[in-house]
Every structure is written in C-alpha cells, then in structure tokens.
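Written out below as structure tokens is the structure these notes cover.
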Amino acid sequence: MYYKINKSTKTFKELMKLSDRIDQVRKEAKKLVKTFKGTGEYCKATHVLAGGIGAVEFKEKPEGWTHRGEKYQNLYMPKMDRNSKALWEKIHALPVVEYDELNKIVGFEGNQVGSSPGGLGWVNTVGIKWGGNFILMEIAKGAKFKANKDMKEIVYTEFEKLSSKIKEKN
C-alpha cells in the first residue's frame with residue numbers, strides 16, 4: 001500500500017517534527033564518530049530508526065577495536081573491555097529515535113511479518129520518503145495497517161512518479 005501525506009495535514013506536521021529529531025540524533029552520532037579519526041562514515045545503531053552508532057569505518061583496523069559486518073567492509077567497534085569502557089559509555093549515551101516514534105504518528109503497529117521476495121520478512125516500521133510539500137509512505141506487502149484519516153492512498157504508478165520528483169530535488 002502506498003500513501004501520500006500532504007503538507008497541510010496534522011500527520012505531515014508531526015512527521016516533520018520527527019524528521020528534525022532524526023537530523024539531530026544523526027548529528028550527535030556524526031560528531032562522536034569524527035573523534036574516532038576514521039573515514040567519518042558509520043552505521044546507525046541496530047534496532048532503531050535513527051541515531052546511535054552500530055559500526056565505524058576505518059581504512060585499517062584500529063588497535064583495541066573489533067571487526068563488524070562483512071569481510072570486505074572496514075567496519076569496526078571498540079572491544080568490550082575495561083580499556084574501552086569510557087568509549088562505550090559515550091556511544092551508549094547517544095540519543096536515538098525508536099521505530100515506535102514513527103509508528104505512533106502514522107498509526108502503524110510494528111513488529112509484523114510481511115511477504116518479501118525471499119519469503120517472509122520482519123516489518124518494524126513503514127517506508128518514508130520526505131518531500132517538500134508532501135511525504136510518501138509505503139507499507140510492506142501483507143502488513144496490517146489502518147491509515148490516518150489525513151493520508152491519501154495512492155497507486156504504485158503515482159508513488160513512483162512522486163518518488164522521482166523527490167529524487168530530483170535531492
């Protein structure tokens with residue numbers, strides 16, 4: 001299912017406030033990542049919508065850090081030992097945005113099972129595309145959802161057309 005959320009709606013306004021929070025938690029994480037002297041790239045924390053740190057990219061493995069991700073990725077996190085305790089405290093102190101914060105705004109009940117190309121998939125939240133005068137939302141196939149009254153259901157072709165307008169702006 002695909003939805004368009006227009007600028008004049010309550011849901012749009014609440015989502016834009018959430019977008020500001022997402023930007024803020026990302027800035028906090030990026031600020032800490034810069035202190036690590038890696039490439040500056042990182043992955044968000046797991047099991048959250050935004051924020052936190054799940055892995056940091058380095059050109060070479062730093063001493064006292066352990067590899068994360070696939071072999072070809074240069075992603076690392078500090079080892080879990082007393083030498084890294086202060087670093088872990090800083091990482092855990094970072095603010096995050098939980099999936100539930102988005103789900104409550106749009107009326108989606110997360111943690112469902114939906115269909116995916118490989119079979120079944122775990123669905124934590126909806127897909128969002130932020131446009132200037134509208135926001136697009138996609139619900140995973142097979143997920144149960146009842147839209148807010150100020151959301152307009154649209155067909156896939158309109159969703160794709162509007163998605164390309166968002167891409168052009170960015």
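The values are calculated or read from the model by the stated rules, or taken from the named source; none is laboratory data. Remember, it's a predicted structure, so these values are computed and weren't measured experimentally. When we count neighbours, we look across all protein chains shown, and the Cβ atoms used for this are built from the backbone with ideal geometry, even at glycine.
Do you know which residues across segment 57-111 are farther than 30 Å from Ile5 by Cβ, small (Gly, Ala, Ser) and either touching a Phe, Trp or Tyr at 6+ places or on another chain (Cβ under 9 Å) or part of a loop (DSSP other than H, G, I, E, B) (or both)? Lay out the reasoning, then the answer.
Initial filter on segment 57-111 (farther than 30 Å from Ile5 by Cβ): 57-93.
Narrowing further to those that are small (Gly, Ala, Ser): 64, 69, 84, 86, 93.
Of everything in segment 57-111, those that are farther than 30 Å from Ile5 by Cβ, small (Gly, Ala, Ser) and either touching a Phe, Trp or Tyr at 6+ places or on another chain (Cβ under 9 Å) or part of a loop (DSSP other than H, G, I, E, B) (or both) turn out to be Gly64, Gly69, Ser84.
Being free of Cβ contacts under 8 Å to residues at least 12 places away in the same chain, of a type outside the set (A, V, I, L, M) and out of contact with any Cys (no Cβ under 9 Å at 6 or more places or on another chain) narrows it down to one residue among Lys79, Lys85, Lys152; which is it?
Details: Lys79 fails: free of Cβ contacts under 8 Å to residues at least 12 places away in the same chain; Lys152 fails: free of Cβ contacts under 8 Å to residues at least 12 places away in the same chain.
That would be Lys85, the only listed residue that is free of Cβ contacts under 8 Å to residues at least 12 places away in the same chain, of a type outside the set (A, V, I, L, M) and out of contact with any Cys (no Cβ under 9 Å at 6 or more places or on another chain).
Kindly check whether there is at least one residue in segment 48-56 that is farther than 27 Å from Glu101 by Cα and surrounded by 12 or more Cβ atoms within 10 Å (Cβ to Cβ).
Here is the first cut: in segment 48-56, the ones farther than 27 Å from Glu101 by Cα are none.
No; the residues of segment 48-56 include none that is farther than 27 Å from Glu101 by Cα and surrounded by 12 or more Cβ atoms within 10 Å (Cβ to Cβ).
Test Gly64 against the stated conditions and say whether it is exposed (fewer than 14 other Cβ atoms within 10 Å of the Cβ) and touching a Pro at 6+ places or on another chain (Cβ under 9 Å).
Taking the combined requirement at face value, the residue satisfies it.
With the condition kept exactly as written, say whether any residue in segment 103-123 is closer than 29 Å to Ile53 by Cβ, aliphatic (A, V, I, L, M), surrounded by 11 or more Cβ atoms within 10 Å (Cβ to Cβ) and touching a Gly at 6+ places or on another chain (Cβ under 6 Å). Step through it out loud before you land on a result.
Taking segment 103-123 as the starting set, the residues that turn out to be closer than 29 Å to Ile53 by Cβ are 103-106, 108-114, 116, 118, 121-123.
From what's left, aliphatic (A, V, I, L, M): 105-106, 113, 123.
Filter once more, so that each one left must be surrounded by 11 or more Cβ atoms within 10 Å (Cβ to Cβ): 105-106, 113, 123.
Checking which are touching a Gly at 6+ places or on another chain (Cβ under 6 Å) leaves us with 123.
Checked segment 103-123: at least one residue is closer than 29 Å to Ile53 by Cβ, aliphatic (A, V, I, L, M), surrounded by 11 or more Cβ atoms within 10 Å (Cβ to Cβ) and touching a Gly at 6+ places or on another chain (Cβ under 6 Å).
Against the condition in contact with a helix residue (DSSP H, G or I) (Cβ under 9 Å, 6 or more places away or on another chain), basic (Lys, Arg), at pLDDT 95 or above and under 25 Å from Ala143 (Cα atoms), how does Lys4 come out, does it pass? Walk me through how you get there before you give the answer.
Details: in contact with a helix residue (DSSP H, G or I) (Cβ under 9 Å, 6 or more places away or on another chain): yes; basic (Lys, Arg): yes; at pLDDT 95 or above: yes; under 25 Å from Ala143 (Cα atoms): yes.
When the stated conditions are applied, Lys4 passes them.
Can you name the number of the only condition in (1) closer than 22 Å to Glu138 by Cβ; (2) in contact (Cβ under 8 Å) with a residue 12 or more places away in the chain that Asp23 fails?
(2)
Checking the condition within 30 Å of Phe145 (Cα to Cα), surrounded by fewer than 16 Cβ atoms within 10 Å (Cβ to Cβ) and among the basic types (Lys, Arg), which residue from Lys13, Lys30, Lys85 passes? Quick ask: steps written out before the conclusion?
Working: Lys30 fails: within 30 Å of Phe145 (Cα to Cα); Lys85 fails: within 30 Å of Phe145 (Cα to Cα).
It is Lys13.
Of all residues in segment 32-46, how many are part of a loop (DSSP other than H, G, I, E, B) and of a type outside the set (Gly, Ala, Ser)? Lay out the reasoning, then the answer.
Filtering segment 32-46 down to residues part of a loop (DSSP other than H, G, I, E, B) leaves 35-41, 44-46.
From the residues that got through so far, the ones that are of a type outside the set (Gly, Ala, Ser) too are 35-37, 39, 41, 44, 46.
Total satisfying the criteria: 7.
For the condition of a type in the set (Val, Ile, Thr), assigned by TED's automatic domain parsing to the domain that holds Leu162 and more than 21 Å from the chain's Cα centre (by Cα), what is the one hit in Thr66, Thr9?
The match here is Thr9.
Any residue in segment 102-113 that's closer than 8 Å to Asn124 by Cβ: show its pairings with residues that are part of a helix (DSSP H, G or I) and not small (Gly, Ala, Ser) at Cβ separation under 9 Å, as long as the two are six or more apart or on different chains.
Gly110/Tyr99; Gly110/Asp100; Gly110/Leu102; Gly110/Asn103; Asn111/Tyr99
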